[in-house]
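Read the structure below first, then the notes.
The values are calculated or read from the model by the stated rules, or taken from the named source; none is laboratory data. Predicted model, so just to flag it, every value in this text is computed and none were measured. No Cβ is skipped: glycine too gets one built from the backbone with ideal geometry, and neighbour counts run over all protein chains shown. The accessibility values were calculated without ligands, DNA or RNA, using every heavy atom of the protein model including side chains. Shrake-Rupley method; radii C 1.70, N 1.55, O 1.52, S 1.80 Å.
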Amino acid sequence: MSSTSPIIVWLRYDLRLADNPALHAACKLGAVVPVFVLASDEEDLPPGGASNWWLHQSLKSLGRQCNALGSPLIIRQGESIGELQQVAKETGATAIYWNRSFNPKIASRDAAMVENLRTSGFKTQSFRANLLLDPRAIETQQGRPYTVFTPFWKACLKQLNPPPPLPIPTSIIRPDKQPDTLRLHELHLEHQVDWTVGMRRAWAPGTSGANLNLKLFTRYALQEYDHQRDLPGVVGTSRLSPHLHFGEISPQQVWHAIAESGAAEWKHSQFITELGWREFAQHLLHHFPHTINEPLRAPFNRFPWQKNAGHLQAWQKGCTGYPLVDAGMRELWASGWMHNRMRMVAGSFLVKHLRIDWREGANWFWDTLVDADLASNTLGWQWISGCGADAAPYFRIFNPVIQGEKFDPHGDYVRRWVPELKKLPPKWIHKPWTAPSIVLQDSRVRLGENYPMPIVDHKEARNAALDALKSIKQPA
Ligand SMILES: Cc1cc2nc3c(=O)[nH]c(=O)nc-3n(C[C@H](O)[C@H](O)[C@H](O)COP(=O)(O)OP(=O)(O)OC[C@H]3O[C@@H](n4cnc5c(N)ncnc54)[C@H](O)[C@@H]3O)c2cc1C
């Protein structure tokens with residue numbers, strides 16, 4: 001390769017300058033053209049509304065950083081290979097570098113592209129950047145993929161020794177010939193109707209927001225993580241999920257920040273284990289790509305899911321009459337994120353109390369979560385439905401009242417997201433239908449008017465769910 005021909009760095013789910021191996025390697029060799037191509041239909045699932053909003057903000061922030069270092073971010077839309085070849089033609093680039101992604105459709109597109117680009121005379125190089133380990137690198141002694149988390153993570157920990165994060169390049173040399181670029185708004189990632197006010201308040205997409213969340217977490221929440229990570233009313237988790245999903249921060253950066261925090265036994269801490277679940281999700285998606293749409297456990301194909309548009313809508317809008325479920329669903333709608341405990345409680349309510357297909361839930365999350373991630377969302381929904389790898393047994397049915405009393409004992413979380421109930425004393429906050437009418441009156445709660453009665457009875461719903469489970473255990 002001539003030292004004067006620039007290298008295209010194709011940015012995807014690695015929207016950062018620090019610890020970016022593709023960018024780092026390219027910058028060492030000369031001029032670099034950082035390129036982002038919007039090609040939503042090349043994805044396994046086109047990103048939802050909340051993800052698109054995030055992507056817009058993240059690209060804006062990355063664009064500013066690329067400008068500051070010397071080589072503007074080039075934005076294109078269309079078929080990736082065609083756009084990259086066109087950028088190469090406009091700049092004289094003969095090499096394309098990127099960081100690998102393991103989502104099934106993207107991985108096969110990338111493999112086909114390598115063939116195609118090499119045949120056309122390009123040099124290509126890809127790097128591991130967004131996972132601690134290559135999901136293909138871990139297998140059982142029998143050479144099979146893992147389907148149980150604990151041995152998977154044990155095997156990973158034996159191999160894991162991520163190198164220190166790479167620094168931000170001091171500069172990015174721009175090519176002599178600058179290629180055409182779209183302006184960010186031409187991608188139409190933001191909705192014309194602005195429904196993102198809550199997301200704007202809750203998040204700062206981009207690497208500064210990611211670094212800030214990591215700093216706040218290690219300083220103020222890491223020590224108490226084990227005790228507080230299940231309390232939705234407390235900021236007890238890192239809130240790094242959207243930043244990790246878009247690659248604004250790498251898991252290696254997070255790993256090293258935790259190592260440097262001085263926490264005892266940090267490598268075996270609950271927080272690092274959660275990063276392990278992220279790796280496990282990618283491992284499963286890589287080995288069982290059909291699970292995006294189908295249960296891993298085949299008997300669940302026979303599960304008698306209910307179709308009930310009214311119930312589905314009540315769940316989506318946070319109007320089920322179960323305050324904890326409603327608070328979670330409203331948090332999701334308003335902020336694009338939901339606490340993990342709430343994802344479990346609200347998810348369980350959909351698939352068990354309402355017996356609505358987990359795919360309806362996964363679709364809704366896909367559209368509304370700012371951290372919507374194919375691997376983690378698929379794992380989460382199959383886990384909660386009992387139909388996936390290492391899943392919670394289907395017969396374990398969360399009682400939303402007990403969950404509320406345990407994890408939101410004073411009702412602060414419910415009061416924040418369900419203001420109709422804010423005057424209700426803690427004793428009744430998770431079961432307003434049991435409150436004496438004088439209490440309801442004093443609290444200005446009018447059940448069936450300003451807050452719904454439960455749309456299903458817990459006991460009846462539980463029994464119906466268990467009967468449905470029995471039905472799939474019969475021979476088909
Ligand atoms: C039904 C359901 C759907 C889910 N959908 C998604 C999704 O689309 N995207 C997503 O990132 N997570 C998803 N999760 C996992 C989890 O809820 C979120 O990762 C977590 O709530 C993010 O908050 P945090 O960054 O504060 O997490 P922390 O507790 O601070 O954890 C640190 C990081 O570890 C990873 N992590 C934590 N828990 C899990 C987990 N159970 N599975 C995989 N990775 C995990 C995340 O990257 C997270 O940012 C889902 C869980 C369920 C039950």
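Observations, loosely collected:
- For region 239-257 and region 174-222, distance of Cα centres in Å: 14 Å
- Entries in K406/K459; K89/K123; K427/K459; K60/K317; K406/K431; K352/K470 that, when Cα-Cα distance is taken, lie over 22 Å: K60/K317
- Taking amide H atoms as placed 1.01 Å from N in the peptide plane, the amide H of K123 lies under 5 Å from those of A95, I96, each 5 or more residues away in sequence or on another chain.
- Estimated FRET transfer efficiency (E260, V148; beta-carbon r; R0 25 Å; 0.05): 0.20
- Cα-based helix-to-principal-axis angle, 270-287 vs the chain, degrees rounded to 10: 70 degrees
- Entry note: region 7-129 has Rg to Rh equal to 0.93, where both radii use alpha-carbon atoms and Rh is the Kirkwood radius.
- To the nearest ten degrees, helix 458-473 and the longest principal axis of the Cα atoms of the chain are 60 degrees apart.
- Taking the helices alone, the chain has a mean residue ellipticity at 222 nm of -13500 deg cm²/dmol, built from -39,500 (n - 2.57) per DSSP H run of at least 4 residues and averaged over all its residues.
- Projection of the Cα convex hull of region 159-257, averaged over all directions and equal to a quarter of that hull's surface, yields 10.4 nm².
- Charged neighbours of E139, selected by a Cβ distance under 15 Å, balance to +2 (K, R count +1; D, E count -1).
- Distant alpha-carbon pairs in the chain (separation over 32 angstrom), percent: 44 percent
- Peptides ranked, highest mean first, by Cβ atoms within 10 Å: ranges 268-274, 17-23: 17-23, 268-274
- Placing pseudo-labels 7 Å out from each Cα toward the beta carbon at S171 and Q125 gives an inter-label distance of 2.1 nm.
- Nearest-ten-degree value, helix 251-260 long axis tilted from longest Cα axis of the chain: 80 degrees
- Exposure of C156 as accessible area (Å², to 10), given a probe of 1.4 Å and all protein chains: 0 Å²
- Length available on full extension from E274 to N450: 0.36 nm per residue minus the Cα-Cα distance, which gives 59.5 nm.
- Between Q223 and K427, the simple spin-label model (points 7 angstrom out along Cα→Cβ) gives 3.7 nm.
- Segments 339-346, 218-225, 413-420 sorted - mean Cβ within 10 Å per residue, highest first: 339-346, 413-420, 218-225
- Close amide H contacts of Q77 (hydrogens built in the peptide plane, cut-off under 5 Å, sequence separation of 5 or more or a different chain): L38.
- Between region 36-76 and region 350-413, the alpha-carbon center distance in angstrom: 29 Å
- Virtual spin-label span in nm between L29 and A204, 7 Å along Cα→Cβ: 3.6 nm
- Working from Cα pairs under 8 Å separated by at least six residues, relative contact order for the chain is 17 percent.
- Gained length - K267 relative to E42, 0.36 nm times residue gap less alpha-carbon distance: 77.3 nm
- As a length-normalised measure over Cα pairs under 8 Å and 6 or more apart, the relative contact order of region 387-471 settles at 26 percent.
- Taking every alpha-carbon pair under 8 Å whose residues sit at least 6 apart, region 7-129 reaches a relative contact order of 36 percent.
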